[in-house]
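Here the structure comes first, spelled out in structure tokens, and everything after it is commentary.
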Amino acid sequence: MQMCRRVLSGLLAVALMASTALAQQTHVISQSALDQAVQQRVVQEQADREAIRTFLRNPAVRGVAAKAGLSVEKADAAVSTLQGDELRQAAGQARTVNTQLAGGDTLVISTTTIIIILLIVILIVALAS
């Protein structure tokens, strides 16, 4: 019986030391790496929102929106509520149209359709919030 106690107390001592040693291990990702990842995400979201706002300031977009009876001002106000995939998708579409318009491409049905769809998505998100 005394032998059993010694073995159990030895195992308990080893288990306590092992848990203390494991608790002192460094994290897989450092705090500076986490801070940098968060900062990159914030910068990307700001760039995405600015791409959408640039799109909404374009006179051609404002003209199409006015003809469709959509409020560019409401859409602009709703940009700050977009997050995640919605923000990335809307920004991607806005960048595509911004590039086409900056390059002097003529407005065709597909560009007009993208503008209207993007405005509708932004307004739906704004109304849902």
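The table that follows gives values for the structure above.
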quantity	calculated
So residue 8, is it modelled with pLDDT under 90, in a helix (DSSP H, G or I), farther than 17 Å from residue 116 by Cβ and not β-branched (Val, Ile, Thr)	yes
Subset of the stretch 34-65 (residues that are of a type in the set (A, V, I, L, M), closer than 16 Å to residue 116 by Cβ and at pLDDT 85 or above)	52, 56
Residue satisfying condition, being assigned to a helix (DSSP H, G or I) and surrounded by 15 or more Cβ atoms within 10 Å (Cβ to Cβ), within set 66, 75, 47	75
Pairs where the first residue, in the stretch 104-129, is surrounded by fewer than 15 Cβ atoms within 10 Å (Cβ to Cβ) and the second is assigned to a helix (DSSP H, G or I) and at pLDDT 75 or above, C-beta under 8 Å, 6+ apart	117/93; 129/78; 129/81
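The values are calculated or read from the model by the stated rules, or taken from the named source; none is laboratory data. Everything quoted here is computed from the prediction, not taken from an experiment. Neighbour counts run over all protein chains shown; Cβ positions are idealised from the backbone, glycine included.
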